[in-house]
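> Here it is, the structure, as structure tokens.
The values are calculated or read from the model by the stated rules, or taken from the named source; none is laboratory data. A quick note: this is a predicted structure, and the numbers were derived from the prediction, not measured. For neighbour counting, all protein chains shown are included, and Cβ atoms are generated from backbone atoms with ideal geometry for every residue, glycine included. Quick note on the areas: whole protein, heavy atoms, side chains included, nothing else; ligands and nucleic acids left out. Shrake-Rupley method; radii C 1.70, N 1.55, O 1.52, S 1.80 Å.
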Amino acid sequence: MPRPRTPLLNRERIVVAALRLVDEEGLAALSTRRLAGELSVSGPSLYNHFATKDELLDAVVDGVIGEVDLSMFGTGAPWPEALRDWARSYRAALAAHPNIVPVLAQGPGRRPNALRLADAVFGCLVEAGWPRGQATRIGALMRYFVTGSALASFAAGFPEDAGLYDAADYPHLGEAHRLAEHRAAVDEGAFETGLEALLDGLVLRFERLGRSGQDSRATDAGRPTPHQGSRTTNAGRSSGSTGS
């Protein structure tokens, strides 16, 4: 009986296997030798598709970013609503693959999906009326917030040992040992609280920006232009000369 054929090796199959390995065992487990074993191929065959491990990691990260929904952009939805929906989808993608977050946090690099994400967020903000410089900073701020929220669990960081939280030393942490058992609720609640606070602050900033622009236009409307000012000055000088 003939042996079953090994599925054709391609970039997609390599990326899927690499992500599965990172999800299950962490970034340290990813090596060319280990990955080749998982795929039942020789190590050198992987280099026909990825020249370096860093190139492979970029592809893995970009695959995760490709899971983020960008459909809310370009629909005419208010920018705070679009950012809220996008941030939730972004966090969900990262929460599904937390071990890859440290690599992802380094920036978009040469990753097509990551660049599309950055372009969509920046475009949404600029089209809404944000100055380009501030739109860039807000995009960075949102990325810091979302990746930070997915990097680790706050609740899981508290040991479930009630005796650790002596009232004399930690008078306000008497229930801290229970945080870990409510990990999902605590972490999700923290993300939503932070997201709403962040967006509320940006809305206020945007309103001030709009008022500032209106005030500036109103002031400029009653102020002579340099050309008008020069005519007034020259007229005054002419009048004065005639009077002498």
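> For the range 187-207, check the following and say yes or no: at least one residue is open to solvent by less than 60 Å² (accessible area, probe 1.4 Å), touching a His at 6+ places or on another chain (Cβ under 8 Å) and of a type outside the set (Gly, Ala, Ser).
The answer is no; no qualifying residue exists.
For every residue, the table says whether it meets (1) surrounded by fewer than 18 Cβ atoms within 10 Å (Cβ to Cβ); (2) of a type in the set (Ser, Thr, Tyr); (3) part of a helix (DSSP H, G or I); (4) more than 18 Å from the chain's Cα centre (by Cα).
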residue: Gly37; (1), (2), (3), (4): yes, no, yes, yes
residue: Phe50; (1), (2), (3), (4): no, no, no, yes
residue: Val60; (1), (2), (3), (4): no, no, yes, no
residue: Trp86; (1), (2), (3), (4): no, no, yes, no
residue: Arg91; (1), (2), (3), (4): no, no, yes, no
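> Name every residue in the range 15-31 that is free of Cβ contacts under 8 Å to residues at least 60 places away in the same chain and either buried (at least 16 other Cβ atoms within 10 Å of the Cβ) or among the hydrophobic types (A, V, I, L, M, F, W, C) (or both), in order of residue number.
Matches in the range 15-31: Val15, Val16, Ala17, Ala18, Leu21, Ala28, Ala29, Leu30.
> Among the residues of the range 53-62, are any closer than 27 Å to Glu192 by Cα and of a type outside the set (S, T, N, Q)?
Residues of the range 53-62 closer than 27 Å to Glu192 by Cα: 61-62.
When the remaining residues are screened for being of a type outside the set (S, T, N, Q), the result is 61-62.
Yes: the range 53-62 contains one or more residues that are closer than 27 Å to Glu192 by Cα and of a type outside the set (S, T, N, Q).
> I've got another one for you. Only one residue in Ala150, Ala120 is part of a helix (DSSP H, G or I), of a type in the set (A, V, I, L, M) and modelled with pLDDT under 95. Which one? Lay out the reasoning, then the answer.
On the way: Ala120 fails: modelled with pLDDT under 95.
Just a single option satisfies the conditions, and that option is Ala150.
> Please go through the range 158-176 and pick out each residue that is in contact (Cβ under 8 Å) with a residue 12 or more places away in the chain and loosely packed, with under 13 Cβ neighbours inside 10 Å.
Of everything in the range 158-176, those that are in contact (Cβ under 8 Å) with a residue 12 or more places away in the chain and loosely packed, with under 13 Cβ neighbours inside 10 Å turn out to be Glu160, Asp161, Ala162.
> Sticking with this one: With respect to Glu12, determine if the residue is out of contact with any His (no Cβ under 8 Å at 6 or more places or on another chain), closer than 30 Å to Phe122 by Cβ, acidic (Asp, Glu) and open to solvent by 60 Å² or more (accessible area, probe 1.4 Å). It would help to see each step written out before you state the result.
Details: out of contact with any His (no Cβ under 8 Å at 6 or more places or on another chain): yes; closer than 30 Å to Phe122 by Cβ: yes; acidic (Asp, Glu): yes; open to solvent by 60 Å² or more (accessible area, probe 1.4 Å): yes.
In short, yes.
> Let me ask another. Going through the range 174-202 one residue at a time, which ones are over 17 Å from Leu164 (Cβ atoms) and either among the aliphatic types (A, V, I, L, M) or not in a helix (DSSP H, G or I) (or both)?
Within the range 174-202, Ala184, Ala185, Val186, Ala190, Leu195, Ala197, Leu198, Leu199, Leu202 qualify.
> Which condition does Val126 not pass, out of (1) free of Cβ contacts under 8 Å to residues at least 60 places away in the same chain; (2) within 13 Å of the chain's Cα centre (by Cα); (3) assigned to a helix (DSSP H, G or I), if it passes all the others?
(2)
> Among the residues of the range 118-158, which ones are closer than 23 Å to Gly76 by Cβ and among the polar types (S, T, N, Q)? Lay out the reasoning, then the answer.
Within the range 118-158, the first condition is being closer than 23 Å to Gly76 by Cβ, and the residues that meet it are 118-132, 134-136, 138-139, 142.
Within the range 118-158, Gln134, Thr136 qualify.
> Can you name the residue in the range 97-114 that is in a helix (DSSP H, G or I) and under 18 Å from Leu70 (Cβ atoms) and, of all such residues, is most open to solvent (accessible area, probe 1.4 Å)? Spell out the reasoning first.
From the range 97-114, those in a helix (DSSP H, G or I) are 98-104, 112-114; that's our starting set.
Restricting the remaining residues to those that are under 18 Å from Leu70 (Cβ atoms) gives 104, 112-114.
On the way: Leu104: 7, Pro112: 69, Asn113: 41, Ala114: 13 Å².
Applying the filter and picking the extreme gives Pro112.
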